[in-house]
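The values are calculated or read from the model by the stated rules, or taken from the named source; none is laboratory data. Note that the coordinates shown come from a computational prediction; the quantities given were computed from them, not determined experimentally. Note that we place each Cβ from the backbone using ideal geometry, even for glycine, and neighbour counts take in every protein chain shown.
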């Protein structure tokens with residue numbers, strides 16, 4: 001499927017192998033004086049592809065992000081993922097979005113996520 005000049009990542013065969021995650025973002029509500037009156041979670045279901053960081057990922061190594069517990073994820077560029085979001089996978093493992101690295105032809109984006117659960121990852 002082509003949307004404008006972009007091929008939809010949702011129809012990419014790689015995307016079909018992706019994993020459904022819950023994107024959790026903290027939302028702070030303030031009063032007119034700037035005082036915090038509520039903190040809530042904004043949850044949204046998204047699909048991402050988790051990949052291990054390998055030796056060919058020189059940019060990731062140079063940035064010091066190729067550490068135990070980190071992975072790279074790919075996601076549709078139209079999905080709302082920002083640095084600081086928490087992604088919760090099907091095994092209830094929580095991943096902190098460390099940094100958004102790049103966009104590939106406005107089709108999909110890549111980010112580095114850090115395992116912040118006490119549970120291990122595969």
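Scanning for something touching a residue at least 60 places away in the same chain (Cβ under 8 Å) and either exposed (fewer than 10 other Cβ atoms within 10 Å of the Cβ) or under 21 Å from residue 86 (Cα atoms) (or both), does region 28-44 turn up at least one residue? Checked against the condition, which is being touching a residue at least 60 places away in the same chain (Cβ under 8 Å) and either exposed (fewer than 10 other Cβ atoms within 10 Å of the Cβ) or under 21 Å from residue 86 (Cα atoms) (or both), region 28-44 yields no hits at all.
Evaluate region 24-38: report whether one residue or more is in a helix (DSSP H, G or I) and either out of contact with any strand residue (DSSP E or B) (no Cβ under 9 Å at 6 or more places or on another chain) or at pLDDT below 90 (or both). It would help to see each step written out before you state the result.
Step one: filter region 24-38 for residues in a helix (DSSP H, G or I), giving none.
Within region 24-38 (the criterion being in a helix (DSSP H, G or I) and either out of contact with any strand residue (DSSP E or B) (no Cβ under 9 Å at 6 or more places or on another chain) or at pLDDT below 90 (or both)), the answer is no, since none of the residues qualifies.
Scanning region 1-23 for residues that are in contact with a strand residue (DSSP E or B) (Cβ under 9 Å, 6 or more places away or on another chain), at pLDDT below 60 and closer than 13 Å to residue 77 by Cα gives 8, 9, 10.
Out of 90, 109, 102, which single residue is farther than 16 Å from residue 44 by Cβ, touching a strand residue (DSSP E or B) at 6+ places or on another chain (Cβ under 7 Å) and at pLDDT below 95? Can you show your working first?
Working: 90 fails: farther than 16 Å from residue 44 by Cβ; 109 fails: farther than 16 Å from residue 44 by Cβ.
Among 90, 109, 102, only 102 is farther than 16 Å from residue 44 by Cβ, touching a strand residue (DSSP E or B) at 6+ places or on another chain (Cβ under 7 Å) and at pLDDT below 95.
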